[in-house]
Structures are given as C-alpha cells and as structure tokens.
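Student: Dropping the structure in here first, questions after.
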Amino acid sequence: MSRNVYLPYSVTSEKAHIKSMEQYREMHKKSLESTAQFWSEIASQFHWETPYDVNNFYSYNFDVTKGPVQIKWMEGATTNVCYNLLDKNVRNGMGDKVAFYWEGNDPEDYSKITYKKLLEEVCRFSNVLKSKGVVKGDRVAIYMPMVFEIVIAILSCARIGAVHSIVFAGFSSDSLAERMADCKCKVLVTADSVYRGDKLLNIKSLCDIAMDKAKNFGHEVPTCIVVRHLPRLYRSMNTSNGTNGSNSDIIDLHSDVPWTDGRDYWWHDEMDDVEPSCYPVWMSAEDPLFMLYTSGSTGKPKGVLHTTGGYLLYAATTFKYVFDYHPGDVYWCTADIGWITGHSYVVYGPLANGATSVIFEGTPFYPDNGRYWSIIEKYKVTQFYTAPTAIRALMKFGEEPVKKHNLDSLKVLGSVGEPINPEAWLWYYQNIGQERCSIADTFWQTETGGHVITPLPGCTPMKPGSASFPFFGVKPILLDESGKEIEGVGEGYLVFNKPWPGMMRTLFGNHERFQSVYFSKFPGYYCTGDGARRDEDGYFWVTGRVDDMLNVSGHLMSTAEVESVLTEHPDVSEAAVVSRPHPVKGECLYCFVTPNHGVTFTPKLSSELVKKVRESIGPFAMPDVIQHAPGLPKTRSGKIMRRVLRKVAINDREVGDISTLADEHIVEELFKNRPEKS
Ligand code: PRX
C-alpha cells in the first residue's frame with residue numbers, strides 16, 4: 001500500500017496557530033512535563049468565580065490495585081460553562097455575531113441566531129426548567145432534531161447545573177425508555193416531528209411510547225416539553241435581528257400531536273411567560289456537566305459522565321487547534337448533536353471560541369447528492385468536519401455533484417468516527433479539499449471527551465489513514481497481550497496512563513463498571529478498546545476495535561486494514577470484513593463488498609479482490625470469501641453492526657436485536673446473497 005505523505009496547508013497559509021512540527025513538539029512536551037502550567041494558562045482565558053489553584057491543579061489514580069480510579073482537575077474552583085460560552089462572548093462585544101446558521105432539511109428553510117439572542121433564549125429556557133422544579137444535579141433528557149432549541153436546551157441545563165442526557169433522535173423508543181429510566185430524568189425535552197429527506201418522523205409519538213415503557217423500568221417522567229417544529233415556516237422568519245422568528249410566526253399545521261395534560265407542555269407557551277435573564281449557578285469544576293450513553297459490549301448502555309472545568313478546557317482547546325480556528329471562519333460539523341462529536345464540536349468547542357457554525361437538519365442526499373457541497377458554498381464554510389462513512393457514500397456518485405459547487409472557502413477538512421481508508425482520504429483531499437486543505441483525521445471516543453490523536457493543520461505532514469500524533473496533554477501507549485509497553489515500531493492495545501482534562505470521570509451511577517470496563521484489563525492504564533500501530537516515523541495508525549482484530553494463522557491483523565485494501569479497488573464503494581472460524585487457520589477472512597453505483601458484482605471482481613488483498617498485505621491475509629453486499633447493516637449513526645455480519649458469515653439466523661439498524665431488510669438480503677459453497 002502506498003503511504004504517501006501530504007504537506008499541510010501551512011504551505012499556503014502563514015496564519016496557522018501551530019506552524020511547525022518543532023512548535024508542536026515543544027508544546028506537547030510542555031503539556032506532559034508541566035501539565036498544570038500548560039492547562040492553567042489556557043484556563044486563565046475563562047471566567048472562574050472561585051479561582052483554581054495552580055499548585056493543586058489535577059490529581060488522578062488509574063491503578064485499580066491501589067484504590068478507586070479517580071480523575072480530578074481544578075477541584076475547588078467554580079465556574080459556569082454556559083457563562084463562558086455566551087455571557088463572556090457577549091460582554092466581549094460579540095453579541096451581534098452569528099453563533100449558528102441553521103440550514104433546514106428543505107433548502108428553502110434557513111435561519112440564524114446571534115450570541116446575544118442565544119443567551120436570551122437560554123436564560124428564558126433556564127427559567128422554564130426551574131419552573132418545572134429542575135435544580136442543580138437533576139438530569140434532563142433531550143431527544144430532538146437538529147434545531148436551535150436543542151442547543152438552547154443544552155446550554156440552559158449547563159446554566160442551572162442540570163445534567164443533560166441527550167439521546168440521539170434516531171434511537172428507538174425502547175432505547176430512549178431505557179436511558180431515561182437509567183438516568184431518572186426529571187424532564188424530557190423533545191419536538192413534535194421532523195422531516196429527514198422526504199420521510200416524516202413523529203418524534204413526540206415515539207417519546208410517548210418511551211415514557212410509557214420507562215414506567216416498566218420504574219421511572220415516570222414528570223414533565224415533557226415539546227418544540228413545535230414542523231409547522232414553522234422558516235422562510236418567513238429570517239428576521240433582521242438574527243432570530244428564528246417569534247411565536248406569532250408559528251402556524252399550526254399539526255394539531256394532532258399526542259398529548260398528556262399535566263405532563264406535556266409546548267416550548268413556545270412556556271417561553272412566553274418567563275424572564276429573559278437568569279443568573280448562572282456556579283458549579284464546582286468537578287460537578288457533572290453532562291452524561292451521554294454509549295454502547296457497551298455487554299449490551300447495557302454506559303452513561304459516560306463528563307464534568308465542568310476540564311471538559312470546557314479540552315473542548316475549547318482541541319477545537320481551536322485541530323480545526324485551526326480563527327475569527328471570521330465559518331465552521332461546519334455534520335454530526336448530530338446527539339453524539340459526542342455534536343456535543344464537543346457543534347456546541348461546546350465552537351461556542352467556547354466564539355465561533356460561527358452551521359447546524360444542518362437534513363441528510364447529504366436530499367434533495368440531491370450535492371447537498372453538502374451546496375451548503376459549503378452557501379455559507380462559505382472554512383472548516384468541514386464529517387465521517388468517513390459519509391465520504392464513502394458520496395464518493396459513489398463521482399465528482400459531478402462536487403464540481404457544480406465552489407468550495408474555495410475550505411481550509412481544513414475533518415474526519416471522525418472510524419479509521420478513514422486511504423482511498424476515501426484521497427478522494428476527500430483531492431475532490432473536496434482541492435489538494436490545498438489539511439485533513440484532520442481525529443481519533444477519539446465518547447469517553448475521551450475530545451480529540452486525543454490527530455494531525456494539526458498547518459504543521460503535521462499527513463499520511464492518508466493515520467490519525468498521526470497525540471494532542472496536547474495526551475501520551476498514547478501501546479501494550480502487548482501481556483501488558484508490556486511496546487517501544488518504537490509495533491502494534492498493540494492503545495492505552496493511556498495519565499488523564500487529560502476532558503476525559504470522562506465515571507459511568508453514571510456505576511463506578512464499579514467504569515473501573516472494570518476501562519481500567520481492569522491492564523491496571524494503571526485506561527484501555528480504549530482499540531488497537532493501534534506506531535510506524536517508523538512515530539505516526540499512530542488506529543487499526544480498529546480490538547474486538548475486530550483477527551488472528552489468521554497466528555498473524556494479527558485488523559479488519560480495517562483489509563477493508564482499506566478492498567475499497568482501494570476502483571469498483572468498490574464499501575467493504576466490511578469479519579472473521580469466521582476456520583479449521584486450519586483458526587480464523588479466516590469473510591469480506592462483504594458493496595460495488596460502486598452501476599457496477600455489477602462478478603466472479604472476476606471477486607477474484608481481483610482476493611488477489612489485491614493477497615498482494616497488499618500478504619498470502620496469510622487472503623480472504624476465503626468475498627460476498628456481494630448490496631448494502632451493509634448500519635446503525636442510524638452509520639456504524640456497521642459487525643455482529644450481524646459475523647452471523648451471516650456462519651449462516652446463523654439468530655442475529656439478535658437489530659432494531660437500531662437504519663435498514664433491517666438488508667440482513668435478509670445478505671443471507672440470500674451468501675455464496676452457496678461457503
Ligand atoms: O474505534 C474507535 C472509533 O470510534 C470509537 C469511538 O466511538 P464513539 O465513542 O462512538 O465516538 C465516535 C466519535 C469520536 C473509537 O474507539 N474511531 C473514532 N474516530 C476514529 C476511530 N477509529 C479510527 N480513526 C478515527 N479517527
């Protein structure tokens with residue numbers, strides 16, 4: 001495989017925050033050797049109601065054998081995250097700056113909101129929450145589409161010290177019920193309905209089912225606040241003061257929303273009756289800011305808990321450096337706010353930097369496959385952050401939809417969520433970045449709170465498919481099976497033995513599980529669950545989940561590695577590889593391959609792919625099966641559900657729960673497509 005190195009955009013821009021690898025190394029060294037000093041200089045840019053103590057800046061224990069695992073930053077200091085994101089910026093003269101442009105599902109629907117207006121709306125909604133009895137420490141569940149109100153709800157929680165628990169609005173009612181019952185939320189904030197493409201989703205009906213089901217888990221949700229989203233005609237609401245319209249602009253086209261009096265309240269009714277100011281609650285730096293569920297290998301979701309001070313520092317700092325943010329930029333992250341990427345890089349990071357961002361409600365394919373590119377052109381987006389799965393999906397349509405748009409404003413492109421295969425990386429670099437933008441392949445997790453391994457635009461020479469080097473304060477370590485640290489070139493478990501400010505602190509209500517999932521395999525280390533390789537230049541290559549590792553005839557390899565070779569073939573759009581038990585080799589490779597739009601899957605293509613893998617990785621990696629997959633079983637967030645593929649590979653129809661799949665029918669298709677003799 002070719003491992004070309006691409007220069008960052010500093011070649012053409014002198015303005016980058018970090019201009020050279022030398023500067024990066026110096027700062028990285030300082031962040032590890034003088035950790036308190038490094039982060040306290042950053043902390044000094046924020047407001048602290050009670051100051052932090054630089055001599056007692058952080059403490060931690062990662063070693064379960066020496067006592068409970070604990071991570072603390074700036075304990076004793078007090079602040080308010082919402083205050084730092086909104087009041088501080090407004091006080092600094094940025095009140096009239098646009099905080100968010102909103103682009104609706106329908107290209108005719110768009111709007112914007114300024115920092116000043118956002119602060120006012122947040123104060124109002126903080127007062128609404130207070131009127132419903134929400135106090136510091138209470139949990140507020142949020143299940144909403146990508147509209148301004150989701151940001152307002154989040155920041156209102158932060159303002160009054162409530163802990164938000166967002167559930168991505170693509171989750172089923174069962175998942176929502178389970179999560180609401182686990183966090184015992186006092187309020188659920190939602191919307192009536194939303195369009196995704198041309199599909200109407202009745203969110204409130206789903207919430208009603210979930211609230212009923214939550215009772216079976218022993219929790220009754222006392223209050224549900226509902227945004228009346230569907231009937232709003234945003235077109236007529238683009239008022240000059242940067243709001244998304246007043247309540248009088250709301251036209252009732254949707255009167256049949258299921259309703260329970262005494263529990264359900266319309267957002268706009270509640271907002272009418274409250275004051276537009278609300279004093280923030282000063283929070284201890286280690287008070288919870290939010291929780292966010294992430295899937296656990298044992299089935300029950302894990303409520304990852306992030307706290308106030310450290311998360312603020314880390315979201316702000318990673319945003320500034322990883323996207324090389326400068327005032328005047330227009331930043332767009334396509335992630336849904338319901339995922340950690342949306343928390344850190346749609347809401348907290350950008351607002352902490354006083355940035356202007358785009359929020360997009362729709363999908364990349366509606367009304368046509370050029371929607372992303374048209375939005376970049378429309379708002380003159382400078383930083384664009386998306387997922388490899390989206391890039392690969394869009395690659396299928398070739399360059400025509402891209403060429404119709406002017407993408408000259410772009411400076412930095414980001415990638416997140418999974419290893420990006422070099423083919424997709426190159427397509428992104430050449431066609432979207434026009435060979436002049438940096439690509440930040442950001443490796444991180446819900447648990448890490450922010451980027452931990454990533455190139456920095458303007459300084460890191462890029463290798464397609466490598467997340468490259470650690471961010472400030474982060475020191476990645478590779479361990480072998482016996483827990484021994486691997487020096488230099490090698491591949492192993494990716495772990496950390498020291499925290500950074502934005503790292504999770506616990507799993508909500510279950511510190512035991514927190515310790516056993518992340519800290520018990522190798523005492524003294526936080527275990528990411530991912531494998532990684534360090535090459536001869538010190539670059540890190542995340543090879544995928546350790547549970548997706550394969551051992552074929554004693555050779556350890558990652559599914560991602562094989563997938564990347566398969567997708568390098570010009571006729572292949574996507575590929576997923578799983579292991580299948582093999583009587584001689586132990587395990588063998590079973591590959592699912594989706595050809596490009598208009599390409600027919602033939603035995604010739606199949607044998608070309610076998611040959612390609614054999615040639616690229618080695619004879620031991622030769623796939624046993626290449627199966628045609630008209631599509632891959634993906635969750636609504638775009639993650640491939642590999643356990644389903646493993647079942648198809650062994651022809652076992654006991655696939656388990658597939659309700660979180662975007663398209664359940666694909667599973668049957670895959671069983672039908674199994675090559676007969678395998
Ligand atoms: O396996 C890694 C993969 O996504 C996992 C984290 O998933 P989640 O908590 O849902 O957060 C996703 C958004 C940060 C990781 O353990 N992953 C994420 N980014 C990358 C990645 N794998 C390789 N390269 C990446 N850039």
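The values are calculated or read from the model by the stated rules, or taken from the named source; none is laboratory data. These figures come from a predicted structure and were not determined experimentally. Cβ: placed from backbone, ideal geometry, glycine included. Neighbour counts: every protein chain shown.
Student: Of the residues that sit in region 401-421 and are over 22 Å from Asp324 (Cβ atoms) and touching a helix residue (DSSP H, G or I) at 6+ places or on another chain (Cβ under 6 Å), which one is farthest from the ligand (Cβ to nearest atom)? It would help to see each step written out before you state the result.
Tutor: Just the residues of region 401-421 that are over 22 Å from Asp324 (Cβ atoms), to begin with: 401-405, 418-419, 421.
In the following step, the residues that additionally are touching a helix residue (DSSP H, G or I) at 6+ places or on another chain (Cβ under 6 Å) were identified as 402, 405, 418-419, 421.
Values: Val402: 23, His405: 26, Glu418: 5, Pro419: 4, Asn421: 10 Å.
My answer is His405.
Student: Let me ask something additional. For residues in region 70-101 being of a type in the set (Phe, Trp, Tyr) and in contact with a helix residue (DSSP H, G or I) (Cβ under 6 Å, 6 or more places away or on another chain), which is nearest to Ala43 (Cα to Cα)?
Tutor: Narrowing region 70-101 to residues of a type in the set (Phe, Trp, Tyr): 73, 83, 100-101.
From what is left, the residues that are in contact with a helix residue (DSSP H, G or I) (Cβ under 6 Å, 6 or more places away or on another chain) are 73, 101.
Working: Trp73: 11, Tyr101: 28 Å.
Here the residue is Trp73.
Student: Read through the list (1) closer than 21 Å to Leu85 by Cα; (2) assigned to a loop (DSSP other than H, G, I, E, B); (3) more than 19 Å from the chain's Cα centre (by Cα), then give the number of the only condition that Tyr325 fails.
Tutor: (3)
Student: Which one of Gly349, Gly338, Gly370, Gly362 is in contact with an Asp or Glu (Cβ under 8 Å, 6 or more places away or on another chain) and crowded, with 19+ Cβ neighbours inside 10 Å?
Tutor: Of Gly349, Gly338, Gly370, Gly362, the one residue that is in contact with an Asp or Glu (Cβ under 8 Å, 6 or more places away or on another chain) and crowded, with 19+ Cβ neighbours inside 10 Å is Gly362.
Student: Cβ-Cβ distance below 6 Å, separation of 6 or more or different chains: which pairs start in region 469-498 with a residue that is over 20 Å from Asn61 (Cα atoms) and end on one that is in a loop (DSSP other than H, G, I, E, B) and of a type in the set (D, E, K, R)?
Tutor: As it stands, the answer is Ile486/Asp480; Val489/Glu536; Gly492/Asp480, since those pairs meet every condition given.
Student: Another question, then. Tally the residues that are assigned to a loop (DSSP other than H, G, I, E, B) and over 30 Å from Thr363 (Cα atoms), restricting the search to region 644-666.
Tutor: So the answer is 5.
Student: Continuing with the same structure: Within 27 Å of Glu22 (Cα to Cα) and without any contact (Cβ under 8 Å) to a residue 40 or more places away in the chain - does that describe any residue in region 399-414?
Tutor: Residues of region 399-414 that are within 27 Å of Glu22 (Cα to Cα), as a first pass: 410-414.
The next check asks that each one be without any contact (Cβ under 8 Å) to a residue 40 or more places away in the chain; those that pass are 410, 413.
The answer is yes, given that some residue of region 399-414 is within 27 Å of Glu22 (Cα to Cα) and without any contact (Cβ under 8 Å) to a residue 40 or more places away in the chain.
Student: Select from region 493-525 the residues that are touching a helix residue (DSSP H, G or I) at 6+ places or on another chain (Cβ under 7 Å) and among the aliphatic types (A, V, I, L, M) and list them in ascending order.
Tutor: Met503, Met504, Leu507
Student: All but one of (1) over 19 Å from His28 (Cα atoms); (2) more than 16 Å from the ligand (Cβ to nearest atom); (3) in contact with a strand residue (DSSP E or B) (Cβ under 9 Å, 6 or more places away or on another chain) hold for Ala335, so report the exception by its number.
Tutor: (2)
Student: Can you name the residue in region 500-514 that is outside any strand (DSSP E or B) and within 20 Å of the chain's Cα centre (by Cα) and is also surrounded by the most Cβ atoms within 10 Å (Cβ to Cβ) among such residues?
Tutor: Filtering region 500-514 for residues that are outside any strand (DSSP E or B) and within 20 Å of the chain's Cα centre (by Cα), the one surrounded by the most Cβ atoms within 10 Å (Cβ to Cβ) comes out as Gly502.
Student: Let me confirm something: among Thr442, Thr528, which residue is more than 28 Å from Leu7 (Cα to Cα), hydroxyl-bearing (Ser, Thr, Tyr) and within 11 Å of the ligand (Cβ to nearest atom)? Steps first, answer last, please.
Tutor: Values: Thr442 fails: more than 28 Å from Leu7 (Cα to Cα).
Sole residue among the options that is more than 28 Å from Leu7 (Cα to Cα), hydroxyl-bearing (Ser, Thr, Tyr) and within 11 Å of the ligand (Cβ to nearest atom): Thr528.
Student: Residue under question is Thr389, and the condition is that it be within 16 Å of the ligand (Cβ to nearest atom), farther than 27 Å from His17 by Cα and touching a residue at least 60 places away in the same chain (Cβ under 8 Å); does it hold?
Tutor: The answer is yes for Thr389.
Student: What's the number of the condition Phe365 fails, among (1) within 13 Å of the ligand (Cβ to nearest atom); (2) under 21 Å from Ile391 (Cβ atoms)?
Tutor: Phe365 satisfies all of (1) within 13 Å of the ligand (Cβ to nearest atom); (2) under 21 Å from Ile391 (Cβ atoms) except (1).
Student: Still on this model: Take Tyr6 and decide whether it is at pLDDT 95 or above and either farther than 18 Å from Tyr321 by Cα or crowded, with 21+ Cβ neighbours inside 10 Å (or both).
Tutor: Spelling it out, it is not the case that Tyr6 is at pLDDT 95 or above and either farther than 18 Å from Tyr321 by Cα or crowded, with 21+ Cβ neighbours inside 10 Å (or both).
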